[in-house]
Every structure is written in C-alpha cells, then in structure tokens.
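Chemist: I have a structure here, written as structure tokens, and I will follow up with some questions on it.
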Amino acid sequence: MTELAYINGKILPIKDAVVSIEDRGYQFGDAVYEFIASYDGKMFWLEAHLDRLIRSMSELSFPVISRSFLKDEIYRLYDKADISRAGIYIQISRGIAKRNHAFGNKMVPQLVMTIRPVSEVSPALKENGVKVITMEDFRWGRCDIKTVQLLPNVLAKQKAVKAGVYDTIFISREKIVREASSSNLFAVIGNKIFTHPLTRHILEGITRKVIFEICGRLNYEIEERFFDLDLLYGAKEVFLSGTVTEILPVIKIDDKFVGKGQPGPKARAIFKALRACTKDS
Ligand code: PMP
C-alpha cells in the first residue's frame with residue numbers, strides 16, 4: 001500500500017510531484033477534477049465518474065482525451081498503489097501557457113492524480129448526524145461543471161468549521177435550497193424525498209445517482225423539485241450525499257432541529273443499501 005502521485009504518465013511519490021507555475025489550473029482555475037473512492041479494492045461507479053469528467057472537459061472546450069486512455073491511466077495508478085479503500089483525485093487542466101486569459105488551440109491538457117487512503121467521515125457523525133448552517137449561494141452560474149474553482153465552497157466549509165458545525169448549505173437569493181459545500185442534499189417532506197433538479201446550480205453527484213437507484217429498489221418516492229428554506233426547516237429528515245460523505249444525516253439546520261433532532265429511518269436505510277451495493281459495483 002503506497003500513496004502515490006501521477007503527472008502526465010509518470011508515477012512518483014506525492015512529495016516529489018510538482019507542476020509548472022504557468023499551468024492554467026494554477027493561474028486561472030482552468031481545470032476540472034474528479035474524486036473516486038474504492039471499497040475493498042474496487043473503484044465505485046468509475047464509469048459514471050468518467051462520464052462526468054468527459055462532460056466537464058467538453059463543456060469547457062478542452063482538447064479531447066480518450067476515455068480508454070483515462071481509464072487505463074487511472075487503473076495503472078490504482079494497481080500500483082494497491083490501496084483497498086482508496087481516494088483517487090484526478091485533475092485535468094487545459095494546459096501550460098504564458099499567462100493570458102484567452103486560450104489558443106494548441107493546448108496540451110495536463111493530467112495529474114493522487115491516490116491515498118480515503119479520509120473517512122467519522123463513524124460517530126454518520127451514526128449520530130451533523131449540524132449545518134446556511135448561507136447565500138455566491139458561486140458562479142455553472143456549478144454543474146466540476147471545476148477546481150472551489151473558493152466559494154472552501155469559504156463556506158470554513159464558515160461551518162468556525163461555527164463549530166459540519167457544513168454549510170447554499171441557498172439561492174430566492175431561498176431555493178441548492179446543495180452543501182461538497183455534497184448534494186435530500187429532504188424528506190411528507191412521505192417524499194426531494195432533491196434539487198439537475199440545473200446549472202448544482203453538481204450532478206454520482207452518489208445522488210446511486211440514491212435514485214436505491215430509492216427505486218426500496219420503493220421510496222423521490223422527486224427532483226425546487227424547495228425553499230422554510231420547507232427544509234420543516235422537513236422530517238435531511239441528509240447529505242457524496243463520494244466521501246456517503247450518506248450523512250443532518251439533525252440541525254441553523255438554530256432549528258430537523259424532525260426530532262435524530263437521524264431518520266430513510267437516511268439510515270439508504271446508507272445501508274449504499275454500503276451493500278459497493279460490493280457489486
Ligand atoms: N456537490 C458538490 C458541490 C460537490 O463538490 C460534490 C462532491 N464532488 C457533490 C455534490 C457530490 O458528488 P459525488 O456524489 O459525485 O461525490
């Protein structure tokens with residue numbers, strides 16, 4: 001088991017991996033990324049992560065990198081590191097060039113990766129749930145593209161840490177509930193599970209996709225619809241979803257308890273089902 005880095009075909013120790021100061025990812029945030037986790041030596045929903053990565057590049061008019069090349073390189077790093085519960089970070093920048101906002105058509109995308117054991121969310125938080133706060137969504141208008149421009153997300157998470165809670169939920173100016181700083185959000189309202197529709201204002205989480213599948217199997221009614229902060233405050237259950245987050249119940253939002261202030265049955269059942277399907281991904 002070895003933590004490793006990858007830069008354009010070369011695999012090396014993370015501490016020795018350096019990139020050019022003129023990489024556009026570094027100077028402009030002109031880069032996209034993915035984070036994939038493995039369970040028991042198997043990458044979870046790799047194909048869906050590849051779909052999203054390729055879509056992100058295409059939306060930003062990056063030169064095309066073939067899917068099979070990406071997959072082979074991810075596997076090469078993964079096999080070499082031999083970490084059973086790994087977190088694989090993959091970043092592709094548009095390229096390296098003299099600093100200039102506009103980009104030409106001779107860009108050579110830079111592929112970098114790291115692999116290490118996943119930093120798990122503590123089992124106590126998964127079991128007991130977390131508190132969150134809310135703030136206005138001040139991100140750009142293309143949150144559906146997974147770019148490394150994460151400063152608003154960073155500041156939102158830091159605000160939560162400073163407030164002694166787990167995370168911050170982004171709320172639009174019209175009070176629509178979007179998502180958390182690095183996870184999607186679901187709310188049980190009445191007997192239905194609601195989550196924000198796929199628009200440019202949220203990321204289409206891979207875990208979100210898995211949840212739709214699981215809800216089908218569990219016969220839970222799930223609906224993509226807009227809902228506001230007042231409905232969120234009144235929800236029976238709220239939970240977050242993400243590759244590292246998995247399913248994380250929310251028990252308090254701002255100064256209001258969710259339901260009875262304890263994780264609810266739907267979040268628990270979906271988490272159990274998620275863990276079960278990591279075995280056959
Ligand atoms: N929304 C945002 C803003 C995120 O950063 C993430 C994590 N990448 C997610 C949602 C959840 O996505 P996934 O389930 O693919 O990890």
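The values are calculated or read from the model by the stated rules, or taken from the named source; none is laboratory data. Remember, it's a predicted structure, so these values are computed and weren't measured experimentally. A quick note on method: Cβ atoms are made from the backbone with ideal geometry, for glycine too, and the neighbour counts reach across all protein chains shown.
Chemist: Restricting to segment 247-270, give me the number of residues that are touching a Lys or Arg at 6+ places or on another chain (Cβ under 7 Å) and either buried (at least 23 other Cβ atoms within 10 Å of the Cβ) or not in a strand (DSSP E or B) (or both).
Modeler: 5
Chemist: Considering only segment 1-27, state which residues are part of a strand (DSSP E or B) and either touching a residue at least 24 places away in the same chain (Cβ under 8 Å) or within 24 Å of residue 85 (Cβ to Cβ) (or both).
Modeler: 4, 5, 6, 7, 11, 12, 23
Chemist: Out of (1) under 30 Å from residue 142 (Cβ atoms); (2) out of contact with any helix residue (DSSP H, G or I) (no Cβ under 6 Å at 6 or more places or on another chain); (3) within 16 Å of the ligand (Cβ to nearest atom), the odd one out for residue 242 is which?
Modeler: (2)
Chemist: Answer with yes or no whether residue 257 is among the aromatic types (Phe, Trp, Tyr), free of Cβ contacts under 8 Å to residues at least 24 places away in the same chain and within 16 Å of the ligand (Cβ to nearest atom).
Modeler: Numbers: among the aromatic types (Phe, Trp, Tyr): yes; free of Cβ contacts under 8 Å to residues at least 24 places away in the same chain: yes; within 16 Å of the ligand (Cβ to nearest atom): no.
Spelling it out, it is not the case that residue 257 is among the aromatic types (Phe, Trp, Tyr), free of Cβ contacts under 8 Å to residues at least 24 places away in the same chain and within 16 Å of the ligand (Cβ to nearest atom).
Chemist: A further question follows. Out of segment 219-232, which residues are outside any loop (DSSP other than H, G, I, E, B) and either in contact with a helix residue (DSSP H, G or I) (Cβ under 6 Å, 6 or more places away or on another chain) or among the basic types (Lys, Arg) (or both)? Reasoning before the result, please.
Modeler: Within segment 219-232, the subset outside any loop (DSSP other than H, G, I, E, B) is 222-224, 228-232.
Listed by number, the list holds a single entry, 222.
Chemist: Continuing with this model, one more query. Before we move on, is residue 62 touching a Phe, Trp or Tyr at 6+ places or on another chain (Cβ under 6 Å), modelled with pLDDT of 95 or more and among the hydrophobic types (A, V, I, L, M, F, W, C)? Break it down into steps so the answer makes sense when it comes.
Modeler: Values: touching a Phe, Trp or Tyr at 6+ places or on another chain (Cβ under 6 Å): no; modelled with pLDDT of 95 or more: yes; among the hydrophobic types (A, V, I, L, M, F, W, C): yes.
It is false that residue 62 is touching a Phe, Trp or Tyr at 6+ places or on another chain (Cβ under 6 Å), modelled with pLDDT of 95 or more and among the hydrophobic types (A, V, I, L, M, F, W, C).
Chemist: A further question follows. Of the residues that sit in segment 14-60 and are over 16 Å from residue 88 (Cα atoms) and among the β-branched types (Val, Ile, Thr), which one is nearest to the ligand (Cβ to nearest atom)?
Modeler: Filtering segment 14-60 for residues that are over 16 Å from residue 88 (Cα atoms) and among the β-branched types (Val, Ile, Thr), the one nearest to the ligand (Cβ to nearest atom) comes out as 54.
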